[in-house]
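As structure tokens, the structure follows; a few thoughts come after it.
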2 protein chains.
Amino acid sequence: MSLLRNKVDYKLYLVTDRDVLGKRDLIESVEAAIKGGTTIVQLREKNCSSLDFYELALKVKEVTLKYNIPLIINDRLDIALAIKADGLHIGQEDLPITVAREIVGKDMIIGVSATTLEEALLAQKQGADYVGIGSVYPTNTKLDAKPVSLEELHVIREAISIPIVGIGGINEDNVTDLMKTKIDGVAIVSAILGKEDIKAAAENFIIKMND
Amino acid sequence: MSLLRNKVDYKLYLVTDRDVLGKRDLIESVEAAIKGGTTIVQLREKNCSSLDFYELALKVKEVTLKYNIPLIINDRLDIALAIKADGLHIGQEDLPITVAREIVGKDMIIGVSATTLEEALLAQKQGADYVGIGSVYPTNTKLDAKPVSLEELHVIREAISIPIVGIGGINEDNVTDLMKTKIDGVAIVSAILGKEDIKAAAENFIIKMND
Ligand code: NI
């Protein structure tokens, strides 16, 4: 593992979704998003065979390695181990974090989805490297999402010390406000991968987040 | 791992399928099948969350441990590791066996589905502990199945030295003939779990296999 668990930049956290991409190539799209400023990539696949997930993950890893960006695998600890990913992201319907940590050891980043202060505190206590909190805005993308207000996000921010990534419905119009809650980054699907110019969409996020 | 990889009895290999069970309890059904003579159990789950698969596997493991029967997990290496299963069964659409072996180490049984002599030879070369060959009879159960004749099964039997488990469409009427090919065991889904008296169905298989 070349990346240190505590030296990760969560600022612009891209989560993949092949449905959003339509016919466009996933690998090229991820590369465009990285060129635009994406700081970390999560590969999220549902309903594909383990072999397909593994082979796709190997290809995505070539790109993330090239740009020295961490690659996180959604849910599937076996795929994360198989491709020696930098991290694993687990939701509340995935393997328990304590079980996952025991298997992957100390080098792998583990992120956990949380929708409440309680879940965020528990994730931190159980050794999560970061939490994904959301959904902060209404969304059509299925990202383990219950509504979390900016108020709640602020309370969670003050209660935990590990990085927080906001998830769900975040776009170029609401991201500037969202960053005022002092979270570490935003997880984006459609607002980058759904745009015609993926690189420009990522660049625009970076501009808006620096406002 | 209390069971040795080379001391496994593959004779009556039960593969689970909740669709076949309908409303009947999976754990009770597995226990009945074991009481009837099942020598090894494979937990096969599709389309359920990682957490559900993990929790179900823990429960099945309680039963298999009680009867000192090996428990094999289908496809999901992460679940196999998480519950410290005795083995992992991988199909041609799952993780490559070489990748899986590197992760799980030397203690875990790895079985591979094969439909041809070539695939069986490759699986053996790559360190499979057994191969599942099928489908030997027509089947409605989706068990990575292309037709394999008894002739082909016999050829594979003479070509490889690791245990062979016949898969697909095997029932109490054809199992006696099938065992003449000198395979080590049969993988059964519906012909045990689809019967009203699961224990009796398993017992009947053992009788027919000893004929
Ligand atoms: Ni405050």
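The values are calculated or read from the model by the stated rules, or taken from the named source; none is laboratory data. The structure displayed is predicted, hence computed values, not measured ones. Please note: Cβ atoms are built from the backbone with ideal geometry, for glycine as well, and neighbour counts cover all protein chains shown. Just so you know, the surface numbers come from the protein's heavy atoms only, side chains and all, with ligands and any DNA or RNA stripped out. Shrake-Rupley method; radii C 1.70, N 1.55, O 1.52, S 1.80 Å.
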1/(1 + (r/R0)^6) with r = Cβ-Cβ of B:Leu150 and A:Lys84, R0 = 41 Å, i.e. FRET efficiency to nearest 0.05, evaluates to 0.45
Along principal axes, Cα extents of the range A:1-98, largest first, whole Å: 35, 33, 22
Give, ordered by residue number, each residue of the range A:45-83 whose 1.4 Å probe accessible area is reduced by a minimum of 20 Å² on adding the remaining protein chains to the chain alone. A:Ser49, A:Ser50, A:Leu51, A:Tyr54, A:Asp75, A:Arg76, A:Asp78, A:Leu81, A:Ala82
Residues in the range B:180-211 near a label at B:Ile162, defined as backbone nitrogen under 15 Å from the 7 Å Cα→Cβ point? B:184-185
For the range A:177-191, what does the Karplus curve 6.51 cos²θ - 1.76 cosθ + 1.60, with θ = phi - 60°, yield as ³J(HN,Hα) per residue in whole Hz, taken in order and with x for Gly and Pro? 4, 4, 5, 5, 6, 6, 6, 8, x, 10, 8, 10, 10, 4, 5
Compute the distance in nm between two label points, each set 7 Å from the Cα along the Cα-to-Cβ direction, one at A:Lys35 and one at B:Glu196. 6.8
Kindly flag which residue pairs out of A:Lys23/A:Lys195; B:Lys23/B:Lys66; A:Lys46/B:Lys106; A:Lys11/A:Lys125 have an alpha-carbon separation exceeding 19 Å in this structure. B:Lys23/B:Lys66; A:Lys46/B:Lys106; A:Lys11/A:Lys125
Rh (Kirkwood, all Cα-Cα pairs) for the range A:7-210, Å, reads 16.7
DSSP loop (so not H, G, I, E, B), at most 16 other Cβ within 10 Å: list which trypsin sites (Lys or Arg not before Pro) in the range A:71-110 pass both filters. A:Lys84, A:Lys106
I want to verify the translational diffusion coefficient of the protein assembly as shown in µm²/s; compute it with Stokes-Einstein, Rh as the Kirkwood radius over Cα pairs, at 25 °C and 0.890 mPa s. 106
With no solvent and one equal point scatterer placed on each C-alpha of the range A:30-84, evaluate the Debye formula and give log10 I(q)/I(0) for q = 0.13, 0.29 Å⁻¹, two decimals. -0.29, -1.20
For the pair A and B, total buried accessible area rounded to nearest 100 Å², probe 1.4 Å: 1600
Using a 1.4 angstrom probe, figure out how much accessible area the range A:1-160 has per residue, in square angstrom, rounded to the nearest whole. 45
Summarise the accessible area of chain B (1.4 Å probe, protein heavy atoms) by the percent that is carbon and sulfur. 49
Can you give the FRET efficiency for B:Arg5 and A:Arg5, using 1/(1 + (r/R0)^6), R0 = 51 Å, r = Cβ-Cβ distance, to the nearest 0.05? 0.90
For B:Ile206, inter-copy label-point distances (7 Å, Cα→Cβ), nm, shortest first, read 6.8
How high is the relative contact order of the range B:12-210, given as a whole-number percent (alpha carbon pairs under 8 Å, six or more residues apart)? 22
Determine the gain in length on full extension of the stretch A:Tyr67-A:Leu121; use 0.36 nm per residue of separation and subtract their C-alpha separation, reporting nm with one decimal. 16.2 nm
Rounded to the nearest 20 Debye, what is the dipole magnitude of the protein assembly as shown about its Cα centre when Lys and Arg each give +1 and Asp and Glu each give -1 at the C-beta? 640
